[in-house]
Amino acid sequence: MPAIAVIGAQWGDEAKGKVVHHLCRTAQMCVRFNGGANAGHTVEDALGTARLHLVPSGALHAGCRGVIGHGVALDPWGLERELDELQNQGRPKPNLYLSDRAHLVLPHHRWREEADGTADHIGTTRRGIGPAYEDRVARRGLRVADLADERSLRDGLEQTAAQSRFKGDIERVAADLIRFRERFASRTGNAQELITAALRGGEGMVFEGAQGTLLDLDLGTYPYVTSSTTTVHGIGWGTGVRVSLGRVVGVSKAYTTRVGEGPFPTEDLGAIGERLREGGGEYGATTGRSRRCGWLDLVALRYAHGVNGFTELALTKLDVLSGLDEVAVGVGYRIGGRIVERFPAQAEDLAHAEPLYERLPGWEEAIAGIRDFTALPAAAQRFVRWIEEQVGIPVTFIGTGPGAQAIIGRGEG
Ligand code: IMP
């Protein structure tokens, strides 16, 4: 099995967790390389609905190890809560390994995110992600490896908390962190070596991206982005592994959503947006916020393909489009009287972009749970083929409902 990357092609929430879980049926390792507990990957299987924020989705399979690379902003309290929830669902303990170079998200990070107004201005997930990455770049962050020495851990905590003017109980934070270190001591170390050895040993490997291309710190809709590298390039950035990928799966919904602030050209503030939100259950897995909804945007999707070099697409939540007379797809923008087919760098340009739509026939039939492409209504098949032509790559997965089994695999899928 070649190494596979699964990357969000939109603003996150593309149902990557489900695609990763599907691909990991036959993989031995699933690696997270970016983001943190801001991610919300949902997997619905026979044991219930698992809401994962830090645990790699593939690690729900007994034979698949989950690795958290150094590019992940690791919230120890969040990880422990998540593992407890999985245990409460009666799931086997995931086989997890943590990079000792991963930076910790600490209580003062959340505090600072509120205090400096970033949480409201960007509409963040309020998980302390931005401030944790800020401390990392400013070379004052604390990493998993720093938990080894209690004295320097306390000093480090005091210093970083003072810089943030955080007045919380440092002793309690330190005690929690030491307990965390003990719990994970045998599962912490050089993740780069672990992943490289697994690749050399021929293990099937899936790199699970968090968030999406349009939220990438550099290539997304800056400044309305997250603070990590969410594209395929995040794999080297967040693991230190030079991997030759056999497949890069771009995941896109059959429509578009966004949470938080920032431009969204095809957003529909009327009945269609409401219909997509209700039909797709578009409420955040991490924050419960209602997601902004609109039609699929090919300008953005082609841009994401250009950035990541997708070998294929997973088109998720196609079932949500059932029952519409016609389905629209953005194919260009009008910005200040000019027709634009390239995704602009300026958030301001995008905010004023008026989308140009191609309208395709819709389909009446419910398609939830269908697992065979030829069983889809003709109009749904045409919609999928049209997207393949427009982007120039095959659609190898189609999501037809929330359950882990509601997926059509085509070709290699
Ligand atoms: P942060 O990552 O919490 O700093 O939030 C920055 C921006 O990224 C906000 O617009 C968030 O709503 C968005 N964001 C972060 N993580 C996710 C995600 O997993 N899905 C969708 N949006 C996200």
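The values are calculated or read from the model by the stated rules, or taken from the named source; none is laboratory data. Please read all numbers here as calculations on a predicted model, not as lab measurements. Ideal geometry is used to build each Cβ from the backbone, glycine not excepted, and the neighbour counts take in all protein chains shown.
Being more than 14 Å from the ligand (Cβ to nearest atom), part of a loop (DSSP other than H, G, I, E, B) and not charged (D, E, K, R) is true of GLY141.
Of all residues in the range 49-70, count the ones that are in a strand (DSSP E or B) and among the hydroxyl-bearing types (Ser, Thr, Tyr). Selection size over the range 49-70: 1.
Can you confirm whether the range 271-278 contains a residue that is of a type in the set (Val, Ile, Thr) and out of contact with any Asp or Glu (no Cβ under 6 Å at 6 or more places or on another chain)? Yes: the range 271-278 contains one or more residues that are of a type in the set (Val, Ile, Thr) and out of contact with any Asp or Glu (no Cβ under 6 Å at 6 or more places or on another chain).
When ARG292, ARG275 are checked against the criterion of being of a type outside the set (Ser, Thr, Tyr), within 12 Å of the ligand (Cβ to nearest atom), over 16 Å from the mean Cα position of the chain (by Cα) and surrounded by fewer than 24 Cβ atoms within 10 Å (Cβ to Cβ), a single residue qualifies: ARG292. Exactly one residue among GLN390, GLN381 is in contact with a helix residue (DSSP H, G or I) (Cβ under 6 Å, 6 or more places away or on another chain) and either under 24 Å from LEU219 (Cβ atoms) or not small (Gly, Ala, Ser) (or both), and that residue is GLN390. Screening ARG127 against (1) in a helix (DSSP H, G or I); (2) within 16 Å of the ligand (Cβ to nearest atom) leaves a single unmet condition, (1).
The condition (being in contact with a helix residue (DSSP H, G or I) (Cβ under 8 Å, 6 or more places away or on another chain), of a type in the set (A, V, I, L, M) and more than 25 Å from GLY189 (Cα to Cα)) is satisfied by just one residue among ALA50, ALA15, ALA5, ALA37: ALA50.
Please verify whether GLU85 is more than 16 Å from the ligand (Cβ to nearest atom), part of a helix (DSSP H, G or I) and more than 24 Å from THR239 (Cβ to Cβ), treating the condition exactly as stated. Yes: the conditions hold for GLU85.
Please tell me if VAL72 is within 16 Å of the ligand (Cβ to nearest atom) and either at pLDDT 95 or above or surrounded by fewer than 19 Cβ atoms within 10 Å (Cβ to Cβ) (or both). The answer is yes for VAL72. Among the residues making up the range 186-229, those that are more than 10 Å from the ligand (Cβ to nearest atom) and among the β-branched types (Val, Ile, Thr) are THR188, ILE195, THR196, VAL206, THR213, THR229.
Comparison of VAL105, VAL173 shows that the only residue that is in contact with a Leu (Cβ under 8 Å, 6 or more places away or on another chain) and closer than 30 Å to PHE264 by Cβ is VAL105.
Per the conditions (1) surrounded by fewer than 12 Cβ atoms within 10 Å (Cβ to Cβ); (2) assigned to a helix (DSSP H, G or I), the sole criterion not satisfied by LYS167 is (2).
Out of the range 230-266, which residues are of a type in the set (Gly, Ala, Ser) and within 11 Å of the ligand (Cβ to nearest atom)? Listed by number, the residues that qualify are GLY260, GLY262.
Looking at the range 205-284, the strands (runs of 3 or more DSSP E) lying wholly inside it that each contain 1 or more residues that are in contact with a His (Cβ under 7 Å, 6 or more places away or on another chain) and under 21 Å from ALA300 (Cβ atoms) sit at 245-253. Selection of first residues in the range 113-137 that are free of Cβ contacts under 8 Å to residues at least 40 places away in the same chain and of second residues that are among the β-branched types (Val, Ile, Thr) and near the ligand (Cβ under 8 Å from one of its atoms), restricted to Cβ pairs under 7 Å at least 6 apart or on distinct chains, gives the following pairs, ordered by first then second residue: GLU113/THR124; THR118/THR124.
Being within 12 Å of the ligand (Cβ to nearest atom) and in contact with an Asp or Glu (Cβ under 9 Å, 6 or more places away or on another chain) is the filter here; which residues of the range 8-31 pass it? Those that are within 12 Å of the ligand (Cβ to nearest atom) and in contact with an Asp or Glu (Cβ under 9 Å, 6 or more places away or on another chain): GLY8, GLN10, ASP13, LYS16, GLY17. Tally the residues that are surrounded by 19 or more Cβ atoms within 10 Å (Cβ to Cβ) and among the polar types (S, T, N, Q), restricting the search to the range 80-117. Result for the range 80-117: 1.
In this entry, ILE387 is excluded by the filter for residues that are buried (at least 18 other Cβ atoms within 10 Å of the Cβ), aliphatic (A, V, I, L, M) and in a loop (DSSP other than H, G, I, E, B). Taken together, LEU142, LEU177 contain a single residue that is surrounded by 20 or more Cβ atoms within 10 Å (Cβ to Cβ) and without any contact (Cβ under 8 Å) to a residue 40 or more places away in the chain, which is LEU142. Being more than 17 Å from HIS22 (Cα to Cα) and modelled with pLDDT of 95 or more is a description that applies to ILE393. Note on the range 314-329: residues that are crowded, with 22+ Cβ neighbours inside 10 Å and either over 18 Å from LEU376 (Cα atoms) or among the polar types (S, T, N, Q) (or both) amount to 2.
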